[in-house]
Amino acid sequence: MSWKDNYQTWKNYQDLDPQLATELADMANDETALEEAFTAPMSFGTAGMRGLIGPGIGRMNLYTVGSASEGLARFMDTLDDATKQRGVAISFDSRYQSREFAHHAAMVLGAHNIPSYVFDDIRPTPELSFAVRHLHTYAGIMITASHNPKQYNGFKIYGPDGGQMPPVEADKITEYVRSIDNLFTVATVAEQKLRQTNTMHIIGEDVDEDYFKGIAEVSINNKLIDEVGKDMTLIYTPLHGTGRVIGYRALKNAGYDHFTMVKEQAIADPEFPTVEHPNPEFPEAFNMAIVLGKKQGADLLVATDPDADRLGAAVRMPNGDYQLMTGNQIASVLLNYILKAKQDSNTLPADGLVVKSIVSTELATKIADHYGVTMKNVLTGFKYIAEQIKLAEENHDHTFLFGFEESFGYLINPFVRDKDAIQSTILLAEVAAYYKQQGLTLYDGIQQLYKEYGYYAEKTTFKEFDGVDGADKMAAIMAALRADKPTEFAGVKVATTDDYQTQTATHADGTTEKLDLPVSNVLKYWLTDGTWIAVRPSGTEPKIKFYTGTSGKTDAEANQNLTNFVNALDEWVAKFD
């Protein structure tokens with residue numbers, strides 16, 4: 001069907017949700033908006049389904065959420081009854097319609113006699129991952145658009161181990177979703193009936209208490225917290241999201257008595273009125289925390305995104321200003337602290353494992369090597385880190401110690417199988433206390449690592465491709481990049497090109513090797529000086545991301561190298577734009 005046919009189907013549907021009907025009428029004279037909303041259905045990427053809220057097959061609404069839930073339900077119908085009856089845990093964030101989407105998903109599952117366990121109010125994504133494991137459900141659903149602007153929402157599916165649904169199962173679910181000819185025919189059962197038949201359950205504080213038990217095990221040196229941490233001044237902002245429910249209690253429980261929440265941003269508000277982007281990767285997310293931090297002379301500022309899976313931080317400098325840390329820097333100080341603390345206490349396992357994405361800093365590899373710990377690189381998407389944890393447990397060959405992605409996502413203890421900003425907040429505060437005890441800051445800590453292992457600098461940039469032809473433009477650019485292979489960047493030769501779509505590493509002399517990671521539309525270039533450059537389309541947003549990682553003998557040299565390589569990359573990509 002053409003987008004016009006799809007539009008007419010929605011326009012003519014007599015029982016269309018009233019809010020959607022009003023929005024659809026408002027779009028009547030905007031052909032561009034209609035084409036974008038009705039041309040193609042939403043697709044699952046590295047983190048599920050995510051898009052603008054509104055009417056249409058390509059937008060987040062009750063009917064597309066219903067079809068995604070129906071796809072999961074039809075897949076679970078193929079499982080044995082005992083597995084199916086384990087049910088689905090469901091959580092949601094503070095965004096517009098998140099609660100409605102979560103309850104609608106439960107009503108769709110109920111039509112298939114699949115039990116659901118729905119949180120009574122907003123909860124973080126990592127707690128949903130925990131709930132799947134804790135309640136032993138077969139799957140989980142998280143309604144969130146993570147750090148996207150207020151116009152977005154999303155639908156993430158989790159598998160039995162609490163990690164995001166693996167590709168094979170996700171592809172099967174997608175097939176079932178695509179088999180639905182009419183979104184309006186997806187059956188539901190009224191919530192009241194589901195409650196009466198014990199098919200839908202409401203969960204909350206009961207799960208919180210057990211999640212906090214896991215959080216309590218994250219702290220490594222409680223004596224350090226008692227002696228230094230309890231007197232540190234911390235500022236925490238949940239950026240209007242789910243962290244306000246869990247983050248405050250987690251910090252209190254861990255013994256950090258002198259911390260303040262940014263009260264204006266501790267309100268769960270889907271408008272995110274104090275920030276344009278509720279994303280701790282963006283400096284503006286810290287504006288209010290910095291003002292409060294300067295008033296209190298705070299040692300550390302931390303921010304979690306709306307679904308509390310990502311953590312950003314800023315530290316006070318000698319002049320009273322605050323320095324934002326990159327995701328790679330936060331990961332590096334966390335990793336070094338974990339490994340050093342375990343080594344000092346003789347608890348560092350001989351089979352220790354750290355897992356990171358292929359676009360994250362190589363400084364972490366140097367740190368892992370120093371402590372004799374295995375570093376495993378995986379594709380972008382935390383489900384791949386969760387997969388390695390599961391394999392390590394099944395094969396009994398490694399002990400997981402830490403996992404991270406450069407995009408501000410970290411996991412310390414694997415009772416959760418997704419990035420967990422609550423865990424990360426607790427441990428980062430402890431690391432700050434460790435350095436404070438020495439008269440230092442986290443910024444000093446990362447400088448110490450640079451002096452020991454070399455100065456590293458990384459940067460992520462992106463180009464957006466909105467509109468109905470955005471996906472085609474992105475595909476054309478990736479094809480062009482593969483056809484016109486670069487031989488150098490900023491005067492430095494390309495030594496090896498990794499193409500994860502063909503799973504082939506091609507060296508400068510023409511020889512090739514097989515890559516052992518799954519097929520993915522990613523290109524990574526290794527330069528002769530150790531610099532690396534990677535290009536990948538986002539799995540959840542209409543953008544291509546460009547990553548650059550380099551190093552130098554000094555901080556100034558590393559950052560100058562970074563500038564040179566980023567500029568060279570921009571010039572090269574501009575040829576294909």
Check your understanding: Extension gain HIS136-GLN501, at 0.36 nm per residue separation less the Cα-Cα distance, in nm?
Key -> 127.9 nm
Study note, to complete from the structure: In region 214-314, taking the dipole from +1 charges on Lys and Arg beta carbons and -1 charges on Asp and Glu beta carbons about the Cα centre, the listed residue (ILE290, VAL275, GLY312) farthest towards the positive end is ILE290
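Using alpha-carbon pairs under 8 Å, 6+ residues apart, how would you state the relative contact order of region 292-400 in percent? Before the final figure, lay out each step's value.
On the way: 120 pairs, mean separation 19.7, N = 109.
For region 292-400, the relative contact order is 18 percent.
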Point to revise | Of the GluC sites (Glu not before Pro) in region 250-326, those whose Cβ has at most 15 other Cβ within 10 Å and which sit in DSSP loop | key: GLU271, GLU276
Exercise for review: Give the Kirkwood hydrodynamic radius (Å, one decimal) of the chain, defined as one over the mean of 1/r across all pairs of different Cα atoms.
Suggested key: 24.7 Å
**Study point:** Cβ-based net charge around THR399, under 14 Å, with every Lys or Arg adding one and every Asp or Glu removing one
**Key:** -1
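From Cα pairs below 8 angstrom and at least 6 apart in sequence, can you work out the relative contact order of region 370-453, rounded to a whole percent?
Details: 56 pairs, mean separation 13.4, N = 84.
Result for region 370-453 is 16 percent.
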Review point. Over region 447-577, what per residue volume does the convex hull of the Cα atoms give, in whole Å³?
Key: 126 Å³
Revision key, fill the gap. Residue by residue through region 494-504, the couplings from Karplus 6.51 cos²θ - 1.76 cosθ + 1.60 with θ = phi - 60°, in Hz, x for Gly and Pro, are 7, 8, 8, 10, 9, 10, 7, 6, 9, 6, 10
Revision key, fill the gap. Once normalised by the length of the chain, the mean sequence separation of its alpha carbon contacts under 8 Å that are 6 or more apart gives a contact order in percent of 12 percent
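Let me know the shape class of region 1-157, please: from the alpha-carbon gyration tensor, a ≥ b ≥ c as square roots of the eigenvalues, rounded when a/c is under 1.5, otherwise prolate if a/b is greater than b/c, or oblate. Numbers along the way, then the final one.
Numbers: a/c = 2.24, a/b = 1.69, b/c = 1.33.
Judged from the Cα gyration tensor, region 1-157 comes out prolate (a/c at least 1.5, a/b above b/c).
Pairs LYS252/LYS356; LYS230/LYS543; LYS436/LYS524; LYS294/LYS524; LYS84/LYS252; LYS436/LYS553: which are spaced more than 32 Å apart, C-alpha to C-alpha? Kindly include the intermediate steps, with their values, before the conclusion.
Numbers: LYS252/LYS356 30 Å; LYS230/LYS543 43 Å; LYS436/LYS524 39 Å; LYS294/LYS524 41 Å; LYS84/LYS252 38 Å; LYS436/LYS553 27 Å.
Beyond 32 Å between Cα atoms: LYS230/LYS543; LYS436/LYS524; LYS294/LYS524; LYS84/LYS252.
Using a 1.4 angstrom probe on heavy atoms only, work out the carbon and sulfur share of the accessible area of the chain in %. Don't jump to the answer; show the numbers that get you there.
Numbers: 10810 of 22870 Å².
About 47 percent, which is the carbon plus sulfur part of the accessible surface.
Expressed in nm to one decimal, what extension gain is obtained for the pair ASN319 and LYS4 from 0.36 nm per residue of sequence separation less their Cα-Cα distance?
Working: separation 315, 0.36 × 315 = 113.40 nm, distance 6.02 nm.
My answer for the length gained is 107.4 nm.
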Review point. In nm, to one decimal, how far is the modelled label at ALA28 from the one at ASN346, with both set 7 Å along Cα→Cβ?
Key: 8.0 nm
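Round to the nearest 0.05 the FRET efficiency obtained for ALA479 and GLN85 when R0 = 30 Å and r is the Cβ-Cβ distance.
Values: r = 46 Å, r/R0 = 1.54.
According to the calculation, E is roughly 0.05.
How much length is gained on full extension from THR399 to THR487, taking 0.36 nm per residue of separation minus their Cα-Cα distance?
Numbers: separation 88, 0.36 × 88 = 31.68 nm, distance 3.95 nm.
The THR399-THR487 span can extend by a further 27.7 nm.
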Check your understanding: Once Lys and Arg get +1 and Asp and Glu get -1 on their Cβ, which of LEU527, ASN253, PHE465 lies farthest toward the positive end of the dipole of the chain?
Key -> ASN253
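Could you order peptides 374-384, 457-467 by the average number of other Cβ atoms within 10 Å of their residues, highest first? Write down the numbers at each step before the final one.
Details: 374-384: 20.8, 457-467: 16.9.
Highest to lowest by the protection proxy: 374-384, 457-467.
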Study note, to complete from the structure: Spelling it out for GLU488: with amide H atoms placed in the peptide plane at 1.01 Å from N, the residues 5 or more places away or on another chain with amide H under 5 Å from its amide H are VAL494
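The values are calculated or read from the model by the stated rules, or taken from the named source; none is laboratory data. Keep in mind it's a predicted model, so treat the numbers as computed, not measured. Cβ atoms come from the backbone with ideal geometry, glycine included; neighbour counts cover every protein chain shown. All accessible areas refer to the heavy atoms of the entire protein, side chains included, with ligands and DNA or RNA removed. Shrake-Rupley method; radii C 1.70, N 1.55, O 1.52, S 1.80 Å.
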